[in-house]
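Written below as structure tokens is the structure these notes are about.
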Amino acid sequence: METKELDLWFTEEHSKEAKFSIKVLKQLHSVQSPFQKIDILESKEFGRFFTLDGYMMVTEKDEFIYHEMIVHVAMATNPAIKRVLVIGAGDGGTVRELTRYDTVEHIDMVEIDKMVVEVCKEYLPQTACRLNDSRVHLHFEDGLRYIRSKEDAYDLIIVDSTDPFGPGEGLFTKEFYGNCYKALTNDGILVNQHENAYYTSYAQSMRRAHCRIVNLFPICKVYQAHIPTYPSGHWLFGFASKKYDPVKDLDAEAWNRLGIDTRYYNTELHRGCFALPTYINQILERDS
Ligand code: SAM
């Protein structure tokens, strides 16, 4: 009898009326941690991918876009960044990009779920490959709690969190952003993953977070990237800063001299990614 391939698909609801699916070759791992369900799946189109509670986190094929954009925009704006705090980011992709800078001296990574790091080290070596760098210090605790006691301690904070529900909820609050401000040096930069603006529920969270950050930081911008496996394929990042403007202060030549080999980020794109579509500007500028 002819063998028939199983028709297995991963499906994520991007809105009540829209779903995104990837054909799955096999499930490699599935475990319930004290915080969330961790799954690793294999696919032909996106390679290996990792989900938390059924939400897409990282795929081998497009993770470079997210991780390059969450790191290099800030690093190119202020090449003197030495001390970095990363919150969330258990897959290791953000730390991998940061460790490409010899000038970075110290990275604290605060991930609430130790099992995410263990699973990613085993199944996603592409992203988890630099977590053993001697500059990286791992802390397994809630980022909201960790940051409360920090003052004038970091040149850059990157919030690479899950969405604003479940364990990630506290990382989108006024209290958290206020503590980020306090934890940053007087020329510090805060970058956070900012959801998308296309689907209403995500757009509302993005706007809420943006309004909270605008009230604290003198410079507050939003930039964009194309990430095929995230809801709407169009992802936003928040850039908040006490001193540096990401477009005016970019020294493109200085960054290009570093010779960092990227596949998505470049200094032309750096300038362009802050030019947002009109409907997003309108959401950001709305009074209420
Ligand atoms: N790139 C991903 C995305 O936007 O879909 C996010 C990547 S990373 C896997 C997100 C991590 O944030 C998860 O591993 C999760 O455990 C961690 N996290 C969620 N809430 C947290 C908190 N309060 N403190 C520290 N880490 C947290």
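When you look at A209, is it within 16 Å of the ligand (Cβ to nearest atom), small (G, A, S), surrounded by fewer than 22 Cβ atoms within 10 Å (Cβ to Cβ) and under 15 Å from the mean Cα position of the chain (by Cα), yes or no?
When the stated conditions are applied, A209 does not pass them.
Filtering the range 145-165 to residues that are surrounded by 15 or more Cβ atoms within 10 Å (Cβ to Cβ), out of contact with any strand residue (DSSP E or B) (no Cβ under 7 Å at 6 or more places or on another chain) and either within 21 Å of I38 (Cβ to Cβ) or among the hydroxyl-bearing types (S, T, Y) (or both) leaves only P164. Search the range 197-250 for residues being out of contact with any Cys (no Cβ under 9 Å at 6 or more places or on another chain) and of a type in the set (S, T, N, Q), and hand back the single one that is nearest to T51 (Cα to Cα). Among residues in the range 197-250 that are out of contact with any Cys (no Cβ under 9 Å at 6 or more places or on another chain) and of a type in the set (S, T, N, Q), the one nearest to T51 (Cα to Cα) is T229. In the range 15-46, the qualifying residues are those that are within 14 Å of the ligand (Cβ to nearest atom) and in a strand (DSSP E or B), and the one that is nearest to T229 (Cα to Cα) is F20.
In the range 1-14, which residue that is outside any strand (DSSP E or B) and of a type in the set (A, V, I, L, M, F, W, C) is surrounded by the fewest Cβ atoms within 10 Å (Cβ to Cβ)? Step by step, filter the range 1-14, then rank; the result is M1. Within the range 197-211, the set of residues being over 14 Å from R286 (Cβ atoms) and touching a Ser or Thr at 6+ places or on another chain (Cβ under 8 Å) comprises Y198, Y199, S201, Y202. Hey, does the range 191-199 have a residue that's away from the ligand (no atom under 11 Å from the Cβ) and surrounded by 23 or more Cβ atoms within 10 Å (Cβ to Cβ)? For the range 191-199, residues away from the ligand (no atom under 11 Å from the Cβ) and surrounded by 23 or more Cβ atoms within 10 Å (Cβ to Cβ): present. Return the residues of the range 199-229 that are at pLDDT 90 or above and under 24 Å from Y264 (Cα atoms); say none if nothing qualifies. Correct list: C220, K221, V222, Y223, Q224, A225, H226, I227, P228, T229. Looking at S30, S43, just one residue is among the small types (G, A, S), surrounded by 14 or more Cβ atoms within 10 Å (Cβ to Cβ) and out of contact with any Ser or Thr (no Cβ under 6 Å at 6 or more places or on another chain), and that residue is S43. Between G168, G178, the distinction of being out of contact with any strand residue (DSSP E or B) (no Cβ under 9 Å at 6 or more places or on another chain) and either within 11 Å of the ligand (Cβ to nearest atom) or closer than 20 Å to V214 by Cα (or both) belongs to G178 only. Among the residues making up the range 145-193, a single one is closer than 21 Å to T127 by Cβ, modelled with pLDDT of 90 or more and assigned to a loop (DSSP other than H, G, I, E, B): S161.
Quick check on the range 75-91: of everything there that is hydrophobic (A, V, I, L, M, F, W, C) and within 16 Å of the ligand (Cβ to nearest atom), which residue is farthest from E118 (Cα to Cα)?
The extreme case among them is V84.
The values are calculated or read from the model by the stated rules, or taken from the named source; none is laboratory data. Please read these numbers as outputs of a predicted model, since none were measured by experiment. Please note: Cβ atoms are built from the backbone with ideal geometry, for glycine as well, and neighbour counts cover all protein chains shown.
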